[in-house]
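Here's a structure for you.
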Amino acid sequence: MSEQSAVGQVVGPLEVGPVAHGGHWVARWEGRVIFVRHTLPGELVRVRITDDTHARFWRGDAVEVITPAADRITPQCPISGPGGCGGCDFQHVSPAGQRELKRTVVAEQLQRLASLDWDGEVEEVPLPGPGADGVAADADDGVGDVPAWRTRMRYFADTQGNWGLRAHRSHTVVPLPDQGCAIAAVPAPDPGTGAVADVVVDGFGDQHLIMDAEPMGSGADLVQIAGGIEFEVPVDGFWQVHPRAADVLAGAVLDGLEPRAGEQGFDLYCGVGLFAAALAGECVRMWGVESGRAAVRCARRNVPGARFTAGQVGKVLHGLPKRTDLIVLDPPRQGAGKDVIRQVLARRPRAIAYVACDPAALARDLGTAREAGWEVVELRAFDLFPMTHHVECVAILAQR
């Protein structure tokens, strides 16, 4: 093989294989795997190589579609394709096709990493209608059928001071089109305001601007709403960015756990107490654990009848009661890991709810639980990140 870089070279035509976790598809060229973005299974495409630094695979963009798939549509955002913004992986795919791709990825990860067969669907989550709490369904900024669901956006200034978004796997800033970001419920601030800006919508529909010059934790807390409850959230803290996500996920957790009055439970990686509040509303005595001290400060105000501890979940668990009835886990993208899962299982809860934003991490942790004699009795997946490859899952476990 030549030592000359292949980046920029266009190869093909290539026949595209299955979707892979991460927003790309598998293709092969001269025996080498290429992970290709902006294509679909079964398409015949030409591919521009974007990364050849890995010995086992390369990365590329489909820059010419010779034979399109039935689910291919015309992207409504002019910067969503090759060389553009890295945010929307699936804008070239019909909405039903997007959900099928995500279903395929979830099922493949569960089978491969947890030996678990799953035949469920990825559930559509429409935006709230006009007059409902949150962002109105018609707030699409004039870009047609693309749902403007992102209630928190991070914008970056280009060399001319105009706002843009970063390209895929790059710090390069791609300037926003005239109509703005298609999936954003919040517009960019005025040009020349700064180098980085976060814009977030609170539970009342008000927009808040956080500039890069402001130190983390310096702003006032925001108020978000879920289940009719007002939650204080640090201005730079975590809250689900789809306006219906908090309600949908809390509802799935309650439906799966079927809490009983007088039970006790743990809310691990609890953030500002969303699931603790939902279960406390069913008369469950809750104890939350979260590493972020600002989030714990808010959680104590959000759920005054619950107990909260700030610290790493794996360490704090050693000091928590050795038995409990219910446990909710909502770990970061990398998952909870074997140590935390084993500590959770050792409590012998009646039921466990695992909320996951990454199907591979979820599958690894479910595999650990299944090896220890636990059963996945329900698993639901939700399309809370339209136009992207991301998918949210809620798994319910019980001991066999």
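Bear in mind that the values in this text are calculations on the coordinates, not laboratory data. A quick note: this is a predicted structure, and the numbers were derived from the prediction, not measured. No Cβ is skipped: glycine too gets one built from the backbone with ideal geometry, and neighbour counts run over all protein chains shown.
Output the antiparallel fraction of DSSP beta bridges having both residues in the chain, as a percent to the nearest 5.
65 percent
Return the long-range amide H neighbours of Gln264 (sequence gap of 5 or more, or a different chain), with a cut-off of under 5 Å between placed amide H atoms.
Those qualifying (amide H under 5 Å, at least 5 residues apart or on another chain) are Arg285, Asp325, Leu326.
Something else now. Within the range 14-72, which trypsin sites (Lys or Arg not before Pro) sit in a loop by DSSP and count at most 14 neighbouring Cβ atoms inside 10 Å?
Answer by residue number: Arg56.
Can you sort Met153, Met286, Met211, Met387 by how many other beta carbons sit within 10 Å, fewest first?
Met211, Met153, Met387, Met286
Another question, then. Which FRET efficiency, nearest 0.05, do Thr172 and Glu100 yield, Cβ-Cβ r, R0 22 Å?
Once the sixth-power term is evaluated, E becomes 0.10.
Taking the Cα centroid of the range 91-132 and of the range 314-392, what is the distance between the two, rounded to the nearest whole Å?
With the range 91-132 and the range 314-392 each reduced to a Cα centre, they are spaced 19 Å.
Would you calculate, for the chain, the mean residue ellipticity at 222 nm contributed by helices, counting each DSSP H stretch of 4 or more residues as -39,500 (n - 2.57) and dividing by all residues, to the nearest 500?
Calculated at 222 nm, the ellipticity per residue is -5500 deg cm²/dmol.
Over the range 3-101, what is the percentage of antiparallel beta bridges among all DSSP beta bridges, to the nearest 5?
80 percent
Then there's this: Counting Lys and Arg as +1 and Asp and Glu as -1, each charge on the Cβ, what is the dipole of the range 10-70 about the Cα centre in debye, to the nearest 20?
120 debye
Could I ask something else about it? State, as an integer percentage, the relative contact order of the range 344-392 based on alpha-carbon contacts under 8 Å between residues 6 or more apart.
37 percent
Can you list the residues, at least 5 places off or on another chain, whose amide H is less than 5 Å from the amide H of Trp29, using H built in the peptide plane?
Ile34
Do you know the relative contact order of the chain, to the nearest whole percent, from alpha carbon pairs under 8 angstrom that are 6+ apart?
13 percent
Per the Kirkwood definition applied to all pairs of different Cα atoms, how many angstroms is the hydrodynamic radius of the range 10-70?
Taking the inverse mean of 1/r over all distinct Cα pairs, the range 10-70 comes out at 11.1 Å.
Which one is right for this structure if mean projected area of the Cα convex hull in nm² is calculated from it: (i) 20.7; (ii) 18.4; (iii) 25.8?
From the options (i) 20.7; (ii) 18.4; (iii) 25.8, the structure gives (i).
Can you figure out the FRET efficiency of Val377 with Gln160, using R₀ = 41 Å and their beta-carbon distance, to the nearest 0.05?
Working from the Cβ atoms, E equals 0.15.
Express the relative contact order of the range 10-70 as a whole percentage, based on alpha carbon pairs under 8 Å and six or more residues apart in sequence.
Answer for the range 10-70 is 33 percent.
Show me, for the range 321-327, the HN-Hα J-couplings you get by feeding each phi into the Karplus relation (A = 6.51, B = -1.76, C = 1.60, θ = phi - 60°), rounded to Hz, glycine and proline as x.
Calculated HN-Hα couplings, in order: x, 7, 9, 7, 8, 9, 9 Hz.
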